[in-house]
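Nothing in this text is a laboratory measurement; each read-out follows from the coordinates by a stated rule. Nothing here was measured: the structure is a model prediction, and the numbers come from that model. Counting neighbours? That spans all protein chains shown, and the Cβs are built from the backbone with ideal geometry, glycine included.
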Amino acid sequence: MTLVITSACVDVKDGICTTSCPVDCIYEGERMYYIHPTECIECGMCESICPVDAIRYDDEVDGDEQPFVALNDAAFRDSDGTLTEPGGWKKGDAPIKDPPDLATCFQPKKERV
Ligand code: F3S
């Protein structure tokens, strides 16, 4: 189990969650932040601090948000699928690339059917 960031973060990127993480496992991406699946120690400190309620334990993610579980993991995979372990995010680091699947996973709420 790990925590994951879901669609509410996309294009919001408040960033306050990073201040609560004791292991710096929340990384800035281009359009959203991502939680590293193995660096996360599952403390849950970030879950309640997000102003748009974007953070969930992976086994509590609702149906239409399920692709974001894989997306948080995919953000840290290199081109051959190996999970990279950057070792901790800090403010000022260049954003990591969003996985290509973000574009298909994310639809603004007003456009959802
Ligand atoms: Fe995103 Fe919420 Fe963190 S908007 S950057 S998950 S505080």
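Can you give the Rg to Rh ratio for the chain, taking only C-alpha atoms and Rh from Kirkwood?
Details: Rg = 12.9 Å, Rh = 14.0 Å.
Looking at the chain, the ratio lands at 0.92.
Tell me what the chain gives for mean residue ellipticity at 222 nm when only DSSP H runs of n ≥ 4 count, each as -39,500 (n - 2.57), the sum divided by the residue total, rounded to 500 deg cm²/dmol. Provide the component values of the computation, followed by the final result.
On the way: 3 runs with 16 residues, N = 113.
The helix-only estimate for the chain comes to -3000 deg cm²/dmol at 222 nm.
Just how many pairs of Lys in the chain have C-alpha atoms closer than 25 Å, counting pairs that are eight or more places apart or on different chains? It would help to have the intermediate numbers written out before the result.
Details: Lys13/Lys90; Lys13/Lys91; Lys13/Lys97; Lys13/Lys109; Lys13/Lys110; Lys97/Lys109.
Number of lysine pairs found: 6.
For the peptides 21-34, 44-57, what is the packing order when you average, over each peptide's residues, the other Cβ atoms within 10 Å and list the highest mean first? Write down the numbers at each step before the final one.
Working: 21-34: 19.5, 44-57: 15.9.
Those peptides, ordered most packed to least, come out 21-34, 44-57.
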